[in-house]
Amino acid sequence: MSHTAPAERGWLRFVRPTLLDSLLKLNPRSQIRNPVMFVVYVGAWFLLALTIRDLVTGRTPLAGFTAAIDLWLWLTCLFANFAEAVAERQGQAQADSLRASRQEVRAKRLAAPRHDAKREEIAGYELRPGDHILVEAGDVIPADGEAVGGVAAVDESAITGESAPVIREAGGDRSAVTAGTTVLSDWLVVRVTSEPGATFIDRMIQMVESASRRKTPNEIALGILLVVLTLVFLVVTASLYAFSWYAVHVAAHSGQVIGLTVLFALLVCLIPTTIGGLLPAIGIAGIIRLMRHNVVATSGRAIEAAGDVDVLLLDKTGTITYGNRQAAAFHPVSRTSLETLAETAGLASLADDTPEGKSIVALAHKTVPSLATALPQDAGLIPFTAETRMSGVDLGEKHLRKGAPDAIRAHVVRAGGTWPEDIDTVVHKIATAGCTPIVVACDARVLGVVELRDIVKSGIRERFARLRAMGIKTVMVTGDNPLTAATIAAEAGVDDYLAEAKPETKLARIRAYQKEGYMVAMTGDGTNDAPALAQADVGLCMASGTQAAREAANMVDLDSNPTKLLEIVEIGKQLLITRGALTTFSVANDVAKYFAILPAAFVAVYPGLRVLNVMGLSSPVHAVLAAVIFNALVIPLLIPLALRGVRFRATSATRLLRRNLWIYGLGGLVFPFAGIKLIDLLLTLH
Amino acid sequence: MNNAVFLTLAVLAATFLLALPLGRYAARVFAGERVWTSPLLAPLERALYRLAGINTAAEMNWKEYAVALLLFNFVGFLALYAILRFQPLLPLDPLGLGAVAPGSAFNTAVSFVTNTNWQDYAGETTLGPLAQMLGLTVQNFLSAATGVTLLLPLIRGLVRHETDRLGNYWVDLTRTVLYLLLPLSLLVALLLVVQGVPDTLTALVRAHLVFPFHEGARLIRHQAIALGPVASQESIKLLGNNGGGFFNVNSAHPFENPTALTNGLETLLMLLLPASLLVAFARLARAPGTAVALVVTTLLFFVPLALLSAHEELTPNPRIAALHVAQRPSPRLAGGGNLVGADDRVGAVACALFATAATATSTGAADCSYDSMMPIAGGVNLFLMQLGEVIFGGIGTGLASLLAFAIFAVFLGGLMVGRTPEFLGKKIETFEMKMVSLSILVMPLVVLAGTAIAVLSPTGRAAIGNPGAHGFSEILYAVTSPGNNNGSAFGGLDAATRFYNVLTGVAMLVGRYWVYLPLLAMAGALARKKSIPVGAGTLPTHTLTFVFLLSGGILLIGALNFIPALVLGPVADQIVLFAHHATPSLVRGIQP
């Protein structure tokens, strides 16, 4: 008991407020936002009144039946509210952890955008866009904004999770600052760009709170469909009263006209309460799933758009390849042995902390396992400089150097050596293959070339293949020349590439795709990416990006991981699939409910209609009750599915449709027969 | 039953065999291309445009198109109403049948303009040759062509992109009548004449009775036999899915449908143009795969329902069996089965197939008394109409409704593959869903509400010919048929009252304009959209999976609404009929 208690308390801590939320949502103003559930809500009040009337007039057995149905109508409403409340709570919990990073901050407002201007201390929430504030070492930045003066190291780990501080300075691509981050050194003058409460994190928090949640286009379209279905079933049940009256009084002269209780029960069973009740939760769950991936969407519309994307524009560096080039091969020249070249290159790079240097050492170790792992104490380090464009070490008399071919050539000639003829061929061959040649020399002797190459991330090829199966085209964007780009594109398995890309060419390419009718997604971070980000249907901006880029994008990735785009597409699709699947399920359920309620309602009029009681339900009262109970219970049963989302597989549309039709279409047809029968059996146990 | 299967398949095979070339021809006509009839008809077409002052190059947006359509239909309504009301003042009324009553004239005018051809009158005792020819037959052509003009903009909306032009209403209308309906009906009329259908301006012949008889004090020696321009109207009645008979008993009359051959031909003719439009769709929408899927879906509904109807009609009626009347299927008994209300020239099976074709398409013709069919067979008629006239459906309108259902199905299916739904490259968004919902769901609202009003009102109930559940079916049928622009009559119900004139009149207007104008608006919205290239992520609309999706959508959305009504009508009727306790529902009217 002792260790289950805290867990239980944690569970209760979550459920109790959620239950409270569900009850609070029973007020008409929140109910009317969901027209389908509002019909149930009105029905519940109506049957309550009916129960009271029957009790007062002494028709107790009838009152008992009405009360039982009414109870389940209220529960139906509560279950739907609960689904929404659970989703909201989850979203808030997610947001709270981010919000925790933002204490109530004070701001130093400046009278003018100068460091030395008059300042007054105010609360962070009093800031307005256009205000200038001063933030100094140790301050938490109170609002999103743009640095207009100074330079500072800023700890953005609260937002990005990245512990290394980043430099923020006025002008250029690194001027954006985010509320909730901390200044570590120096100072910045910041122009506030966002309304308090409309900052980055606030926006995310708002999106899960239904009050301010705007419905997405697809949600609206589906909503219309549900409302119209509800309307039609209202007329179906209303007209059934007339039909039943006719059957009893004119046609059969036996039985009873269908009661209001049964009519309401039928109505509630027929209208799409399952999807109607779960629709808000599904939408919120989509936002939560994005947040779990540390992506903030500025609108729900963007998430849906992500599901529709046909073309992904992916930056080569960071997305398709590792950020840096890595040593891939040694090419010795002039009768130098491979080992000598590897050893020299390795030693020359031991002090080189760049990823390229490290990769040369790693490759050298592979070739010559006995290679030293540290330099002797007296080794003289020659760091890389922009002028010499080479680096290396001096070991006693030996001068080991590596660098760009022309730099080494100058160095070798200066030292009295010769530039071997065969090396030009090697260098040329490497360069034309899209790789970088690094020439290695020992004193005046050229030993060979190290080939640095872009390394395609592992698994990315398979990922692109999956995208292709889903009908999504990948385009690699790179500043490299076409030859290099083609090589990497082939290796990574992208469908197309855009070489020597400049922001304008990116924008032009996006427009070209859109003109053909494609939906385009892209990632970017620089200010010069902003137009393209704004043009793209889904623009994912890195959190490290500039304010301009962030404003232009409709999603921001807090991890600054461009590969995230692929997950975002899947989340978008999953959101739509979940909606479609549950709608299909909900509508398909109606068949079984007809089979439960219609014979129950009319068997007294036409005894032969008992053949329609295919489930063999025990009595008319139980049949109606079982259908209503099933209709109510299916909502909480499906909450996990609504929140988790229907499983998504990267496969062709036909297969996906077939699978989902089987599960949710046929399942929706068959499952309620079993469910209603089971409930009926349980009811007869008493 | 084997004969029923054979007959059904033979008629369908012949229909599609003819529909293939006809559909290709129609597609070329609608696209404004030259066809082999052009040398003859093009000068006439040009002359008509010049006469009417129509600029054929000027295409219309959806609103202009809709206004032209409504205006034209309204003028047609006024003209027909005037002809019916002023019949005594007009020539060619040899019998002096007099003016049609205002309620009936309104109802009939609405009925023929909307391609419903619901008739609350008996043709031979109400209308002279002029009213039949100039009034009804003209509208038979125009309302069928109007159906096509409701479809063409929708297809153009799907095919065209980033434009608001949906074609020219006047050109679409003229070409449909001139190139398609006129030549075909001329040909068919000649065929019918060959088989014995009269086509004359003589309104009446007096025949000497072989056995004169006494009625009261009078000795009856002559029989007046109504005649008229029957063949010319009969051909367009079936081809144009109109269904309004020259005679009261429609195609059950030997002058409308004299032989077994004409009966088969007429069944085929009802299906011919809807089937041809499916073929034309393949070409016009450049979507042969989707067209095949639509055809398969159509047959998936039509064949089982036709066979169910035939099977029911072949089932011996227990009440008649109790009278020791033979009903077994045998050639001597005209195929046997339920022959109540069916001529032995036709037989129960052919009657069932004719009825299925008449209610699947919006024709609504009848070659036997639908009121006297077995309850479930009558229920098949009801069900086909209640699906929204999508199984073949009306000329143009049937395919338009089917496309609306396809868009509806694609909306759910598209969601299930994780994309904003699209149909033939067009994104289906909020506005489209609004219009499709309106189009699909207004009809059930009107039919259910109308039926409820009729059964609750004493006037509505007073018209019933039969008590019991069958009486309920009669009322349900009388609202369902006009509400879907079908026009077939179950019979047994006296619909020539002000109450039913107004009720069915409203149902016809709503069933025509509220159902199809939203689709026209949607066509306008679709045309403005970009065309999205098809990819592996697109929901394909040419697969068997799509067929199931579409069928499921039609069944769930189209039929769920009517299940309670069908249970209390035909199903209850059937159960009572086969139950041992006799109820008054036994006695069924034989009047068609």
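Evaluate the following for A:Leu290: is it buried (at least 23 other Cβ atoms within 10 Å of the Cβ), within 14 Å of chain B (Cβ to nearest Cβ) and not charged (D, E, K, R)? First the steps, then the outcome.
Working: buried (at least 23 other Cβ atoms within 10 Å of the Cβ): yes; within 14 Å of chain B (Cβ to nearest Cβ): no; not charged (D, E, K, R): yes.
Here the answer is no, as A:Leu290 does not meet what is asked.
Could you list, in sequence order, the residues of the range A:627-648 that are among the small types (Gly, Ala, Ser) and within 25 Å of B:Arg419 (Cβ to Cβ)?
Start the filter on the range A:627-648 by keeping residues that are among the small types (Gly, Ala, Ser), which leaves A:627, A:632, A:642, A:645.
Those that are among the small types (Gly, Ala, Ser) and within 25 Å of B:Arg419 (Cβ to Cβ): A:Ala642, A:Gly645.
Here is a list: B:Ala226, B:Ala231, B:Ala189. Which entry is aliphatic (A, V, I, L, M), assigned by TED's automatic domain parsing to the domain that holds B:Thr262 and more than 23 Å from the chain's Cα centre (by Cα)? Let's see the steps before the verdict.
Numbers: B:Ala231 fails: more than 23 Å from the chain's Cα centre (by Cα); B:Ala189 fails: more than 23 Å from the chain's Cα centre (by Cα).
The match here is B:Ala226.
Determine the pairs where a residue that is farther than 20 Å from B:Phe562 by Cβ and more than 7 Å from chain B (Cβ to nearest Cβ), located within the range A:218-239, has a partner that is charged (D, E, K, R) and open to solvent by less than 30 Å² (accessible area, probe 1.4 Å) with Cβ atoms under 9 Å apart, the partner being 6 or more residues away or on another chain.
The qualifying pairs are A:Glu219/A:Glu304; A:Glu219/A:Arg579; A:Leu222/A:Arg579.
Return yes or no: is B:Val417 more than 28 Å from B:Thr149 (Cβ to Cβ), of a type in the set (Val, Ile, Thr) and not assigned by TED's automatic domain parsing to the domain that holds B:Ser143? Break it down stepwise before answering.
On the way: more than 28 Å from B:Thr149 (Cβ to Cβ): yes; of a type in the set (Val, Ile, Thr): yes; not assigned by TED's automatic domain parsing to the domain that holds B:Ser143: yes.
Criteria met by B:Val417.
Being open to solvent by less than 30 Å² (accessible area, probe 1.4 Å) and facing another protein chain (nearest Cβ under 9 Å) is the filter here; which residues of the range B:555-566 pass it?
Residues of the range B:555-566 that are open to solvent by less than 30 Å² (accessible area, probe 1.4 Å), as a first pass: B:557-562, B:564-566.
B:Ile557, B:Leu560, B:Asn561, B:Phe562, B:Pro564, B:Ala565, listed by residue number.
Can you go through B:Met416, B:Met374 and tell me which one is over 23 Å from B:Ala10 (Cα atoms), at pLDDT 90 or above and open to solvent by less than 10 Å² (accessible area, probe 1.4 Å)?
Numbers: B:Met416 fails: at pLDDT 90 or above.
B:Met374 is the lone residue from the list that is over 23 Å from B:Ala10 (Cα atoms), at pLDDT 90 or above and open to solvent by less than 10 Å² (accessible area, probe 1.4 Å).
Mind checking whether some residue in the range A:649-670 is part of a loop (DSSP other than H, G, I, E, B), hydrophobic (A, V, I, L, M, F, W, C) and within 22 Å of A:Val569 (Cα to Cα)? Break it down stepwise before answering.
To start, the set of residues in the range A:649-670 that are part of a loop (DSSP other than H, G, I, E, B) comprises A:649-652.
Checking the rest, the ones that are also hydrophobic (A, V, I, L, M, F, W, C) come to A:650.
Those still in the list that are within 22 Å of A:Val569 (Cα to Cα) too: A:650.
Yes - at least one qualifying residue is present in the range A:649-670.
The rows are residues; the columns are (1) modelled with pLDDT of 85 or more; (2) open to solvent by less than 50 Å² (accessible area, probe 1.4 Å); (3) under 30 Å from A:Gly539 (Cα atoms); (4) of a type outside the set (A, V, I, L, M).
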position: A:Val309; (1), (2), (3), (4): yes, yes, yes, no
position: A:Leu313; (1), (2), (3), (4): yes, yes, yes, no
position: A:Leu341; (1), (2), (3), (4): yes, yes, no, no
position: A:Ala345; (1), (2), (3), (4): yes, yes, no, no
position: A:Ala364; (1), (2), (3), (4): yes, yes, no, no
position: A:Thr388; (1), (2), (3), (4): no, no, no, yes
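May I ask you to verify whether B:Leu51 is open to solvent by 70 Å² or more (accessible area, probe 1.4 Å) and outside the structural domain of B:Arg528 (by TED's automatic domain parsing)?
Numbers: open to solvent by 70 Å² or more (accessible area, probe 1.4 Å): yes; outside the structural domain of B:Arg528 (by TED's automatic domain parsing): yes.
In short, yes.
Which residues, counting only those in the range B:32-42, are under 29 Å from the mean Cα position of the chain (by Cα) and either open to solvent by less than 60 Å² (accessible area, probe 1.4 Å) or among the β-branched types (Val, Ile, Thr) (or both)?
Residues of the range B:32-42 that are under 29 Å from the mean Cα position of the chain (by Cα), as a first pass: B:32-33, B:35, B:37, B:41.
Answer for the range B:32-42, where residues must be under 29 Å from the mean Cα position of the chain (by Cα) and either open to solvent by less than 60 Å² (accessible area, probe 1.4 Å) or among the β-branched types (Val, Ile, Thr) (or both): B:Gly32, B:Val35, B:Thr37, B:Leu41.
Do you know which residues across the range A:268-282 are open to solvent by less than 10 Å² (accessible area, probe 1.4 Å) and assigned to a helix (DSSP H, G or I)? I'd like the intermediate steps shown before the answer.
At the first step, the residues of the range A:268-282 found to be open to solvent by less than 10 Å² (accessible area, probe 1.4 Å) are A:268-278, A:281-282.
The answer is A:Val268, A:Cys269, A:Leu270, A:Thr273, A:Thr274, A:Ile275, A:Gly276, A:Gly277, A:Leu278, A:Ala281, A:Ile282.
Within the range A:441-468, count every residue that is in contact with a helix residue (DSSP H, G or I) (Cβ under 9 Å, 6 or more places away or on another chain) and part of a helix (DSSP H, G or I). Reasoning before the result, please.
Here is the first cut: in the range A:441-468, the residues in contact with a helix residue (DSSP H, G or I) (Cβ under 9 Å, 6 or more places away or on another chain) are A:441-457, A:460-461, A:463-464, A:466-467.
With the extra rule that they be part of a helix (DSSP H, G or I), the set shrinks to A:460-461, A:463-464, A:466-467.
Summing the residues that are in contact with a helix residue (DSSP H, G or I) (Cβ under 9 Å, 6 or more places away or on another chain) and part of a helix (DSSP H, G or I) in the range A:441-468 gives 6.
Give me the pairs, please: first residue somewhere in the range B:97-115 and under 20 Å from B:Tyr516 (Cα atoms), second residue anywhere and basic (Lys, Arg) and crowded, with 18+ Cβ neighbours inside 10 Å, beta-carbon distance under 8 Å, and either six or more positions apart or on two chains.
Filtered contacts from the range B:97-115: B:Thr114/B:Arg512; B:Asn115/B:Arg512.
Go through the range B:9-20 residue by residue and tally those that are open to solvent by less than 20 Å² (accessible area, probe 1.4 Å) and over 13 Å from B:Glu266 (Cα atoms).
The total comes to 1.
If I go through the range B:518-549 residue by residue, how many of them are part of a helix (DSSP H, G or I) and either open to solvent by 40 Å² or more (accessible area, probe 1.4 Å) or within 7 Å of another protein chain (Cβ to nearest Cβ) (or both)?
So in the range B:518-549, the residues part of a helix (DSSP H, G or I) come out as B:518-528, B:544-549.
Within this subset, residues satisfying the condition of being either open to solvent by 40 Å² or more (accessible area, probe 1.4 Å) or within 7 Å of another protein chain (Cβ to nearest Cβ) (or both) are B:528, B:544-545, B:548-549.
Counting residues in the range B:518-549 that are part of a helix (DSSP H, G or I) and either open to solvent by 40 Å² or more (accessible area, probe 1.4 Å) or within 7 Å of another protein chain (Cβ to nearest Cβ) (or both) gives 5.
For the range A:257-268, indicate whether the set of residues that are hydroxyl-bearing (Ser, Thr, Tyr), within 10 Å of another protein chain (Cβ to nearest Cβ) and either over 30 Å from A:Leu576 (Cβ atoms) or within 51 Å of the chain's Cα centre (by Cα) (or both) is non-empty.
Let us first name the residues in the range A:257-268 that are hydroxyl-bearing (Ser, Thr, Tyr), namely A:261.
Remaining after also requiring within 10 Å of another protein chain (Cβ to nearest Cβ): none.
No: the range A:257-268 contains no residue that is hydroxyl-bearing (Ser, Thr, Tyr), within 10 Å of another protein chain (Cβ to nearest Cβ) and either over 30 Å from A:Leu576 (Cβ atoms) or within 51 Å of the chain's Cα centre (by Cα) (or both).
It is to be established whether one or more residues within the range A:477-495 are within 14 Å of chain B (Cβ to nearest Cβ), surrounded by fewer than 21 Cβ atoms within 10 Å (Cβ to Cβ) and in contact (Cβ under 8 Å) with a residue 12 or more places away in the chain.
yes
Of the residues B:Leu456, B:Leu438, B:Leu424, B:Leu448, which is among the hydrophobic types (A, V, I, L, M, F, W, C), buried (at least 24 other Cβ atoms within 10 Å of the Cβ) and within 14 Å of chain A (Cβ to nearest Cβ)? Even if it seems obvious, please write down each step before you answer.
Details: B:Leu456 fails: buried (at least 24 other Cβ atoms within 10 Å of the Cβ); B:Leu438 fails: buried (at least 24 other Cβ atoms within 10 Å of the Cβ); B:Leu424 fails: buried (at least 24 other Cβ atoms within 10 Å of the Cβ).
Checking each option against the conditions leaves just B:Leu448.
Given the criterion modelled with pLDDT of 85 or more, within 11 Å of chain A (Cβ to nearest Cβ), under 24 Å from B:Leu151 (Cα atoms) and part of a helix (DSSP H, G or I), identify the matching residue among B:Gly511, B:Gly569, B:Gly552. Lay out the reasoning, then the answer.
Numbers: B:Gly511 fails: within 11 Å of chain A (Cβ to nearest Cβ); B:Gly569 fails: under 24 Å from B:Leu151 (Cα atoms).
Every option except B:Gly552 fails the conditions.
Have a look at A:Thr321, A:Thr317, A:Thr354 and point out the one that is open to solvent by less than 10 Å² (accessible area, probe 1.4 Å) and either free of Cβ contacts under 8 Å to residues at least 40 places away in the same chain or more than 14 Å from chain B (Cβ to nearest Cβ) (or both).
Values: A:Thr317 fails: open to solvent by less than 10 Å² (accessible area, probe 1.4 Å); A:Thr354 fails: open to solvent by less than 10 Å² (accessible area, probe 1.4 Å).
Only one candidate passes the filter, namely A:Thr321.
How do the helices (runs of 4 or more DSSP H) wholly within the range B:215-327 filter down when requiring 1 or more residues that are open to solvent by less than 30 Å² (accessible area, probe 1.4 Å) and within 23 Å of B:Leu339 (Cα to Cα): which remain?
Once the helices (runs of 4 or more DSSP H) in the range B:215-327 are filtered for at least 1 residues that are open to solvent by less than 30 Å² (accessible area, probe 1.4 Å) and within 23 Å of B:Leu339 (Cα to Cα), what remains is B:260-284, B:288-314.
Residues that are more than 10 Å from chain B (Cβ to nearest Cβ), in contact with a Leu (Cβ under 6 Å, 6 or more places away or on another chain), open to solvent by 10 Å² or more (accessible area, probe 1.4 Å) and at negative phi: does the range A:617-637 have at least one?
There is at least one residue in the range A:617-637 that is more than 10 Å from chain B (Cβ to nearest Cβ), in contact with a Leu (Cβ under 6 Å, 6 or more places away or on another chain), open to solvent by 10 Å² or more (accessible area, probe 1.4 Å) and at negative phi.
The values are calculated or read from the model by the stated rules, or taken from the named source; none is laboratory data. Here the structure is a predicted model, which is why all the values come from computation and not from measurement. All Cβ positions, even for glycine, are placed from backbone atoms using ideal geometry, and neighbour counts span all protein chains on display. To get the accessible areas, we keep the full protein, side chains included, count just its heavy atoms, and leave off ligands, DNA and RNA. Shrake-Rupley method; radii C 1.70, N 1.55, O 1.52, S 1.80 Å.
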